[in-house]
1. Just the residues that are open to solvent by less than 20 Å² (accessible area, probe 1.4 Å) and either touching a Ser or Thr at 6+ places or on another chain (Cβ under 6 Å) or closer than 20 Å to residue 156 by Cβ (or both), please, taken from the stretch 245-271.
2. Pairs only if they're at least six apart or on different chains, beta carbon under 8 angstrom, first in the stretch 202-219 and closer than 15 Å to residue 121 by Cα and free of Cβ contacts under 8 Å to residues at least 24 places away in the same chain, second part of a helix (DSSP H, G or I) and open to solvent by 100 Å² or more (accessible area, probe 1.4 Å); list them, first residue then second.
3. Taking the condition free of Cβ contacts under 8 Å to residues at least 40 places away in the same chain, of a type in the set (Lys, Arg) and either surrounded by 15 or more Cβ atoms within 10 Å (Cβ to Cβ) or over 19 Å from residue 308 (Cα atoms) (or both), does residue 242 pass?
4. Please list, ordered by first then second residue, the pairs with beta carbon atoms under 9 Å, 6 or more apart or interchain, first in the stretch 8-31 and over 16 Å from residue 176 (Cβ atoms) and assigned to a helix (DSSP H, G or I), second of a type in the set (Asp, Glu) and open to solvent by 20 Å² or more (accessible area, probe 1.4 Å).
5. Here is a list of conditions, (1) open to solvent by less than 10 Å² (accessible area, probe 1.4 Å); (2) not in a loop (DSSP other than H, G, I, E, B), and residue 75 meets all of them except one; can you say which number that is?
6. Among (1) under 26 Å from residue 230 (Cβ atoms); (2) in contact (Cβ under 8 Å) with a residue 12 or more places away in the chain; (3) open to solvent by less than 60 Å² (accessible area, probe 1.4 Å), there is one condition residue 308 misses while meeting the rest; what is its number?
7. Could you tell me whether any residue of the stretch 29-44 is at pLDDT 95 or above, open to solvent by 30 Å² or more (accessible area, probe 1.4 Å) and touching a strand residue (DSSP E or B) at 6+ places or on another chain (Cβ under 9 Å)?
8. With the structure loaded, tell me whether residue 179 is touching a Leu at 6+ places or on another chain (Cβ under 9 Å) and part of a helix (DSSP H, G or I) or whether it fails that test.
Amino acid sequence: MRIAFMGTPEFAVPSLKILHEHKYDIRAVVTSPDKPRGRGQQVSFTPVKELALQRGFQVFQPANLKDSGFINEIGSLKPDIIVVVAFRILPQEVFRIPRLGSFNLHASLLPKYRGAAPINWAIINGETETGVTSFLLAEKVDTGSVVLQARVRIGPDETAGDLHDKLAEVGAEIVLQTVRLMELGKAQPRQQDHALASPAPKIMKEHCRIDWQSSAQQVHNFVRGMSPTPCAWTKHRDTLLKIYRTNLISSVSGASEKKEAGHVVHVGGDDFIVQTGDGIVKLLELQQEGKKRLPVGEFLRGYAVRVGDKFE
């Protein structure tokens with residue numbers, strides 16, 4: 001069974017690993033071009049490329065997926081299946097190459113949360129369950145027929161990062177099962193109900209600002225849905241603060257009267273509590289712009305904030 005695997009970030013690594021461990025013939029790994037990453041902006045490989053080179057796979061990094069040279073190279077490998085996990089949008093000229101078809105692994109229970117950020121939006125919206133879906137590629141993004149799904153519970157304090165890692169492992173098993181079904185001719189794809197579709201668009205920095213007028217539950221969901229990236233933020237005076245983790249609490253001893261939304265209610269030791277539009281939240285992990293991410297106790301030892309200060 002000849003496979004061309006296409007993926008870029010850490011989310012795709014378990015899927016590539018599991019196919020190799022089960023002795024599938026990985027004819028090619030296609031990933032995004034190398035680019036500067038991190039603070040030093042040093043050019044580095046994608047996580048998928050790093051694994052591919054370790055395992056000795058042939059790697060392609062096309063800038064343009066419609067380039068005829070790239071299409072011809074993939075075609076010459078005669079893949080039986082193309083497996084796509086967290087990659088770019090494939091043109092029809094590519095996903096129609098394999099004898100048995102091409103499928104994608106998506107981090108939601110399609111048709112729910114179609115788009116680039118399904119993990120983030122599921123948590124932001126307060127979902128208690130999500131999952132992964134393998135589906136056959138079609139012309140319109142995330143609309144193809146579903147092959148397999150697996151459901152995963154979302155914990156009340158789970159962050160997008162926590163859920164990402166869980167779904168990557170569950171997703172790898174779904175990828176393996178989908179390949180086996182297609183190999184045996186036993187896959188039974190079913191069409192999505194497009195009327196039930198909901199969007200999960202890419203999240204930009206300007207969308208990450210906390211609205212303190214929201215309820216405590218909404219703020220808590222927003223923070224964990226943005227953590228660790230792109231990360232929820234707020235302004236204190238003129239300083240940008242990133243907030244990675246919070247807790248929901250009902251009350252705090254020693255706090256003064258109720259403040260307006262966004263005001264600090266209580267601060268000291270490991271306690272940093274902020275009023276929302278309905279309820280209060282306890283901040284657990286923060287980062288001052290340009291500095292390290294810290295647990296609240298360490299953060300407060302190096303950053304001055306007082307009861308009554310306002311976050312905006």
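1. Result: 246, 261.
2. none
3. Here the answer is no, as residue 242 does not meet what is asked.
4. Qualifying pairs under 9 Å: 10/165.
5. The failed condition is (1).
6. If we test residue 308 against (1) under 26 Å from residue 230 (Cβ atoms); (2) in contact (Cβ under 8 Å) with a residue 12 or more places away in the chain; (3) open to solvent by less than 60 Å² (accessible area, probe 1.4 Å), just (1) comes out false.
7. Scanning the stretch 29-44, I find no residue that is at pLDDT 95 or above, open to solvent by 30 Å² or more (accessible area, probe 1.4 Å) and touching a strand residue (DSSP E or B) at 6+ places or on another chain (Cβ under 9 Å), so the answer is no.
8. yes
The values are calculated or read from the model by the stated rules, or taken from the named source; none is laboratory data. The structure displayed is predicted, hence computed values, not measured ones. Neighbour counts run over all protein chains shown; Cβ positions are idealised from the backbone, glycine included. The protein model used for the area step is the full one, side chains on, heavy atoms only, and it has no ligands, DNA or RNA in it. Shrake-Rupley method; radii C 1.70, N 1.55, O 1.52, S 1.80 Å.
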